[in-house]
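Starting off with a structure, shown below.
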Amino acid sequence: SQRLAGKTALITAAAQGIGRAIAEGFVAEGATVIATDIATQQLTTLQGCRTERLDVTNADEIRRVVAAAGDIDVLVNCVGYVASGAILDSSEEEWALSLDLNVTSMFRMIRAVLPGMIQRKGGSIVNLASVAGSIKGVPNRCVYGTTKAAVIGMTKAVAADYVGHSIRCNAICPGTVDTPSLEQRMRASGNYEATRAAFIERQPLKRLGQPAEIAALAIYLASDESAFTTGQCHIIDGGWTN
Ligand code: NAD
């Protein structure tokens, strides 16, 4: 099937994990994909994409990459960094870094891409949020959850403001997904096996999500099949928040 034929998609944080699976899924569905990340070495192993270095904290770089991309039908904001800890464990530095990387980055990307979408009277923006935040209070994810709640707020605001231009904006809210950064967090816990088992145990489906499963939802939200949904949080969490 070629559910994204004729569409051009720009994806941030596409070098690994969920972003990479989305890039691969979009290519398989016939999209022209501009896969971006700061990990340029890892980007080179992606098949069938255009790849660009893009640091989402750098407004000049964003302007340059978006201008060079040409018409963009789909923007997937995938970048996100997990700061661990309760509020008393969190520093102002982590707070500022997390807001910049997880929220302001999406603000910058959306502002860069929207004028073109308005001109062409359509587009789909997909933001990676999380169930952690405004859907569920998760222990030791205070700063992270705050940023993901903000992503949902921005998603809804953009959806409300640009619906008249046929531009849709949705959030994907995953539960726990098996990605390199999750692996890293499990190793950093000091007890890999116990941490992994605990992550699995809290999922009613008794397994972690796979990046390709998140990509399947992103394909739907990027495609015209989802033309009637905007401003929503699409939860995909193995039943965790049910
Ligand atoms: P990851 O953490 O494994 O990869 C993150 C990528 O972001 C890396 O390729 C890294 O190089 C890139 N990156 C870091 N800083 C960057 C910058 N300044 N500019 C551009 N790229 C940069 O990713 P993941 O775990 O697949 O998570 C992807 C998204 O999904 C994130 O927004 C995350 O918060 C969200 N999410 C993940 C999970 C999960 O369990 N993995 C759950 C819920 C939500």
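Evaluate region 170-178: report whether one residue or more is under 30 Å from V113 (Cβ atoms) and away from the ligand (no atom under 12 Å from the Cβ).
Yes, there is a match, as at least one residue in region 170-178 is under 30 Å from V113 (Cβ atoms) and away from the ligand (no atom under 12 Å from the Cβ).
Using the structure shown, decide if A194 is over 28 Å from A96 (Cβ atoms) and among the hydrophobic types (A, V, I, L, M, F, W, C).
yes
Given the condition more than 10 Å from the ligand (Cβ to nearest atom) and under 14 Å from the mean Cα position of the chain (by Cα), answer yes or no: does some residue in region 183-198 qualify?
Within region 183-198 (the criterion being more than 10 Å from the ligand (Cβ to nearest atom) and under 14 Å from the mean Cα position of the chain (by Cα)), the answer is no, since none of the residues qualifies.
Please specify each residue of region 163-177 satisfying the condition of being farther than 14 Å from Q232 by Cα and crowded, with 18+ Cβ neighbours inside 10 Å.
G175, T176, V177, listed by residue number.
Return yes or no: is A112 aliphatic (A, V, I, L, M) and surrounded by fewer than 16 Cβ atoms within 10 Å (Cβ to Cβ)?
The answer is no for A112.
What do you reckon, is T146 surrounded by fewer than 19 Cβ atoms within 10 Å (Cβ to Cβ) and either under 16 Å from the mean Cα position of the chain (by Cα) or part of a helix (DSSP H, G or I) (or both)?
no
Just name the residue that is farthest from the ligand (Cβ to nearest atom) out of those in region 48-60 that are crowded, with 16+ Cβ neighbours inside 10 Å and of a type in the set (V, I, T).
Filtering first and then ranking leaves T51.
Right, here's the next one. Starting from residues that are over 19 Å from I236 (Cα atoms) and crowded, with 20+ Cβ neighbours inside 10 Å, keep the ones in region 131-143 and report whichever is farthest from the chain's Cα centre (by Cα).
For region 131-143, the residue satisfying everything is C142.
Next up: Could you check, for region 158-169, whether at least one of its residues is under 23 Å from L101 (Cα atoms), within 12 Å of the ligand (Cβ to nearest atom), within 20 Å of the chain's Cα centre (by Cα) and not in a helix (DSSP H, G or I)?
The answer is no, given that none of the residues of region 158-169 is under 23 Å from L101 (Cα atoms), within 12 Å of the ligand (Cβ to nearest atom), within 20 Å of the chain's Cα centre (by Cα) and not in a helix (DSSP H, G or I).
Let me ask something additional. Of everything in region 22-47 that's part of a helix (DSSP H, G or I), out of contact with any strand residue (DSSP E or B) (no Cβ under 6 Å at 6 or more places or on another chain) and under 18 Å from S226 (Cβ atoms), which residue is nearest to the ligand (Cβ to nearest atom)?
For region 22-47, the residue satisfying everything is G25.
Being part of a helix (DSSP H, G or I), out of contact with any Asp or Glu (no Cβ under 9 Å at 6 or more places or on another chain) and either near the ligand (Cβ under 9 Å from one of its atoms) or in contact (Cβ under 8 Å) with a residue 40 or more places away in the chain (or both) narrows it down to one of V151, V126, so name that one.
It is V151.
Here's something else I'd like to know. Quick one: D37 ticks every box in (1) in contact (Cβ under 8 Å) with a residue 60 or more places away in the chain; (2) buried (at least 24 other Cβ atoms within 10 Å of the Cβ); (3) of a type outside the set (V, I, T) bar one, so which box is it?
(1)
Give me the pairs, please: first residue somewhere in region 170-181 and farther than 15 Å from K206 by Cα and at pLDDT 95 or above, second residue anywhere and among the polar types (S, T, N, Q) and more than 6 Å from the ligand (Cβ to nearest atom), beta-carbon distance under 6 Å, and either six or more positions apart or on two chains.
So the pair list comes out as N170/Q232; A171/N127; A171/T155.
Follow-up. Can you name the residue in region 61-96 that is near the ligand (Cβ under 10 Å from one of its atoms) and assigned to a helix (DSSP H, G or I) and is also farthest from the chain's Cα centre (by Cα) among such residues?
Here the answer is E61.
The values are calculated or read from the model by the stated rules, or taken from the named source; none is laboratory data. Note that the structure is a prediction, hence the values are computed from the model and not measured. Counting neighbours? That spans all protein chains shown, and the Cβs are built from the backbone with ideal geometry, glycine included.
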